[in-house]
1. In this structure, is residue 295 free of Cβ contacts under 8 Å to residues at least 60 places away in the same chain and crowded, with 24+ Cβ neighbours inside 10 Å?
2. Condition first: under 17 Å from residue 317 (Cβ atoms), at pLDDT below 90 and loosely packed, with under 15 Cβ neighbours inside 10 Å. Can you find one or more residues in segment 349-371 that meet it?
3. Could you tell me whether segment 319-330 includes any residue that is over 24 Å from residue 235 (Cα atoms), at pLDDT 85 or above and crowded, with 22+ Cβ neighbours inside 10 Å?
4. Is it the case that segment 193-203 has a residue that's touching a residue at least 24 places away in the same chain (Cβ under 8 Å), surrounded by 16 or more Cβ atoms within 10 Å (Cβ to Cβ) and within 25 Å of the chain's Cα centre (by Cα)?
5. Scan segment 217-266 residue by residue and report those that are surrounded by 22 or more Cβ atoms within 10 Å (Cβ to Cβ) and part of a strand (DSSP E or B).
6. What is the one condition in (1) under 20 Å from the mean Cα position of the chain (by Cα); (2) surrounded by 22 or more Cβ atoms within 10 Å (Cβ to Cβ) that residue 25 does not satisfy?
7. Provide a single number: the residues in segment 23-40 that are under 24 Å from residue 308 (Cβ atoms), touching a residue at least 40 places away in the same chain (Cβ under 8 Å) and outside any helix (DSSP H, G or I).
8. Residues that are more than 22 Å from residue 154 (Cα to Cα), assigned to a strand (DSSP E or B), in contact with a strand residue (DSSP E or B) (Cβ under 6 Å, 6 or more places away or on another chain) and assigned by TED's automatic domain parsing to the domain that holds residue 176: does segment 107-119 have at least one?
């Protein structure tokens, strides 16, 4: 069913088409009619399935023309990056309307945001802290809010925002429409839903704890001493377009980035210690292709929406199983294919076991052919018993080891002999093509598509002589 048959105004259908959206995704097909009807909604779907457009399009449709005064729609987001991207999605989808949207988040001054509020905005997308600041100084009021949207509610719970969220909900009119959108719906969300929603409809697309089917994921067991060497070897043998590497810690992300730069990779860094301007520049440069690799902490796991991310690498196994789903959900977005690798030490067995229980499946363990593993072979992560693999759950990780790093970090050309066990013979090269559709702005991610003949093999599965987008760069 096309967007034109969902009851949306023609100007919004044109906006969706301008962003490169062809047909609605499953979450959009089911959520849009409910939101248009005015009913409250709890919606859960895997990351990368189009949740933002699922609420933005029908909400824009409900608003009609611009009205001066206080905002009529409030969207709460857990991070600055998400707030910026969702506000841009509202702008892009509503480009053929006169509706106004603005974003409020920390890390920048108050002046421009205050001016935007005084000029009048129909839609305010905000992080919790900055919103409370404007409410306290009475620059903003919420008495005209008709639609309240809590996006990534589970992440807000994780970040400890839930009490502030309740304060904000209480400031909104009781007669309103409330929408919860989340990748997972833990029991804690049910308690908040009872407080904030009235007889909500429920939409669940896929298994709430599952990995997107378009993402192929695997573990690469390795001892700590060789972790960074294995990362370099994977990058050398992988035919990638762009890669996001996740670290548990901010300092670990900085160390990984420094070592990758020394190995002649173009690298951006994204974590909470970076200034807002640095974060904007890093994300914009990664999207534009100036950086082939983004090294990030979990702040970015739900804050990056970039078309064409072909690979995600977990340098550190995430502590929370939910973060595993969100991290690897940065690839395989908008129906494109992607690959996700996790570098796991034997001491990570407890965390890996928790992840496998959470997603309801075993994660394949692979080794990289030709890599000089200590002890003559890759270790095995024992997830069958508590404490397996020598010590159970390890907290914190030790990213960025420089032991054994090859001087210069030069790349070997890819070849079929380097395929890791379990991937050999899959053929094809990773070329997740596509990109944003016409006019897609910051974070819109519209129109992502995969290039023809994309192979689902692992590193080294490329045909001889096939090079990725950044092959051979020095």
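1. Working: free of Cβ contacts under 8 Å to residues at least 60 places away in the same chain: yes; crowded, with 24+ Cβ neighbours inside 10 Å: yes.
Yes.
2. Yes, some residue in segment 349-371 is under 17 Å from residue 317 (Cβ atoms), at pLDDT below 90 and loosely packed, with under 15 Cβ neighbours inside 10 Å.
3. Scanning segment 319-330, I find no residue that is over 24 Å from residue 235 (Cα atoms), at pLDDT 85 or above and crowded, with 22+ Cβ neighbours inside 10 Å, so the answer is no.
4. Within segment 193-203, one or more residues are touching a residue at least 24 places away in the same chain (Cβ under 8 Å), surrounded by 16 or more Cβ atoms within 10 Å (Cβ to Cβ) and within 25 Å of the chain's Cα centre (by Cα).
5. 217, 219, 220, 221, 243, 244, 245, 246
6. (2)
7. 1
8. Looking for residues that are more than 22 Å from residue 154 (Cα to Cα), assigned to a strand (DSSP E or B), in contact with a strand residue (DSSP E or B) (Cβ under 6 Å, 6 or more places away or on another chain) and assigned by TED's automatic domain parsing to the domain that holds residue 176, one finds none in segment 107-119, hence no.
The values are calculated or read from the model by the stated rules, or taken from the named source; none is laboratory data. What you see is a predicted model, and the numbers here were worked out from it, not measured in a lab. Glycine gets a Cβ as well: all are built from the backbone with ideal geometry, and neighbour counts include every protein chain shown.
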